[in-house]
Amino acid sequence: MKKFLIWMRVLLSTALACLVVFAYSPAVFAFCGFYVSQADASLFNKASQVVIARDGKRTVLTMANDYQGDVKDFALVVPVPVLLKEKQVRIGEQKIIDRLDSFSAPRLVEYFDSDPCARYEAYDRVTLSGATRSAAPAAESKNRGGNYQVTIEAKFAVGEYDILILSAKDSDGLESWLIDNDYKIPQGAKELLQPYIRQNMKFFVAKVNIAELNKTGSQSLRPLMMAYESPKFMLPIRLGMLNANGDQDLLVYILSPKGQAEVANYRTIKVPSGDDIPVYVKNEFGDFYKSMFKTSYEKEGRKVAFLEYAWDMSSCDPCSAEPLSQEELRKAGVFWLDSSNINTSSGGRIRRPIPFPTNNGRVFITRLHIRYNRDKFPEDLTFKETSNQESFQGRYVLRHAFKGETKCDAGKEYQRSLRPRFEKEAKNLSKLTGWNIADIRRKMNISSLPDPIEVPFWENLWK
């Protein structure tokens with residue numbers, strides 16, 4: 001019993017040490033477990049991804065196109081707050097969005113119990129188990145579109161996209177103009193176009209140039225980037241609902257020099273995190289996360305934004321993926337970095353980013369996951385920057401029981417502690433996912449564990 005108490009005391013102090021570092025050290029993350037899996041964008045069939053680099057009124061917006069179908073039918077119509085010129089639009093890199101996704105994705109971590117009969121020595125195990133082409137002139141000219149009351153404010157080509165910037169005075173006319181000019185948009189768009197026309201917003205319209213797409217050798221459409229200045233910090237999602245036949249998932253990666261970003265016109269809450277769950281979930285993490293997210297989404301009334309990750313990108317130790325280099329961050333649209341503070345490499349290994357010298361060189365990432373539909377999200381998303389630099393991650397914990405012989409007194413106590421511990425993990429999993437707890441217990445084989453022995457209250461007192 002004495003050995004058991006000593007073991008428990010050391011284990012608790014080690015766990016508390018890890019917790020303190022996790023809670024109070026945003027720049028250096030000393031983590032006491034091992035990353036084993038991630039819940040990235042690939043889990044969700046209809047997930048769109050957007051990167052927003054924002055500082056003050058300046059914005060660089062990157063949109064990943066997840067269009068499914070014949071690319072000749074592709075038509076992108078995005079309301080934008082300002083008149084964009086050709087120099088403000090570029091082709092982005094999907095691998096940069098994938099890097100942000102991997103770096104910020106909710107993750108599964110695992111711990112391994114030590115031999116309760118061995119002499120325990122506390123230690124920390126920290127292991128890391130485009131170019132544009134010339135288009136028809138008139139980028140600045142205004143060509144009248146018949147009686148549609150539509151104005152072509154700019155016309156240019158970027159990569160495989162032929163782009164128009166339109167303004168309109170009437171949604172009926174704009175819808176008719178798009179259809180008559182072979183832009184395959186869903187019927188009924190005029191109702192959603194009208195609010196943007198009233199706000200005097202412009203329309204970024206893109207079609208795919210098949211010949212140019214073939215030159216790229218790419219099998220998919222590349223992301224589009226646009227840079228502009230506007231006090232409006234928003235993302236239009238209403239038009240995208242025209243193509244939806246159910247809920248859609250949106251992952252927004254917001255990069256800021258200040259701190260966390262939030263959705264201003266809907267509630268932003270943290271995704272459930274930190275719970276111990278059964279070890280077998282390691283092989284079912286994708287199903288677990290989708291069920292957990294759906295349960296939380298339903299519980300919150302299906303009209304919230306979930307915070308899945310928030311962290312200063314100057315450091316993480318260890319990381320689920322290597323932090324983005326400054327060059328990668330620039331490709332993600334980060335425009336405020338100090339060019340003299342460039343990451344270097346040594347011995348073929350990339351060093352972690354060094355701490356940025358000023359707030360203007362800092363990059364804080366916020367990952368927001370929004371599941372939306374026509375009924376629950378009647379407004380486009382508006383965001384707000386905050387100075388909150390609290391770190392957060394969606395994280396779920398596996399604790400592997402010790403498998404060796406445990407014949408000592410402390411070992412016997414340890415074995416008897418497993419059943420209530422596993423029962424708690426089963427209840428956690430059932431609560432998070434809505435899964436049947438009887439099925440969970442059966443998979444965990446809890447019934448095979450020894451029953452805990454209830455110790456009379458006076459026994460510990462006399463000892």
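The values are calculated or read from the model by the stated rules, or taken from the named source; none is laboratory data. Keep in mind that this is a model prediction, so the values were computed, not measured. In this analysis, Cβ positions are derived from the backbone assuming ideal geometry, glycine residues included, and neighbour counts consider all displayed protein chains. Ligands, DNA and RNA are excluded from the accessible area calculation, which covers all protein heavy atoms including side chains. Shrake-Rupley method; radii C 1.70, N 1.55, O 1.52, S 1.80 Å.
Observations on the model:
- Here each label is just a point 7 Å from Cα along the line to Cβ, and for S230 and D247 those points are 2.9 nm apart.
- A simple packing score, the average count of other Cβ atoms within 10 Å per residue, orders the peptides 183-192, 300-309, 276-285, 96-105 as 96-105, 300-309, 276-285, 183-192, with the highest score first.
- Carbon plus sulfur fraction of accessible area for region 171-301, probe 1.4 Å, in percent: 43 percent
- Length gained on full extension, K303 to I210: 29.6 nm, using 0.36 nm per residue less the C-alpha separation.
- Bridging of K299 to lysines at a Cα separation below 23 Å is possible for K46, K270, K290, K376, K424, K427, K431, once same-chain residues fewer than 8 apart are set aside.
- Protection proxy ranking, peptides 209-220, 55-66, average beta carbon neighbours within 10 Å, highest first: 55-66, 209-220
- A straight Cα-to-Cα reach below 20 Å connects K87 with the lysines K57, K142, K155, K202, K207, K331, residues fewer than 8 places away in its own chain not being considered.
- FRET efficiency for K72 and K46, using Cβ-Cβ distance with R0 set to 30 Å, rounded to 0.05: 0.90
- Length gained when the stretch N436-K403 is fully extended (0.36 nm per residue, less Cα-Cα span): 9.2 nm
- Across region 243-336, the mean sequence separation of Cα contacts (distance under 8 Å, 6 or more residues apart), normalised by length, yields a relative contact order of 33 percent.
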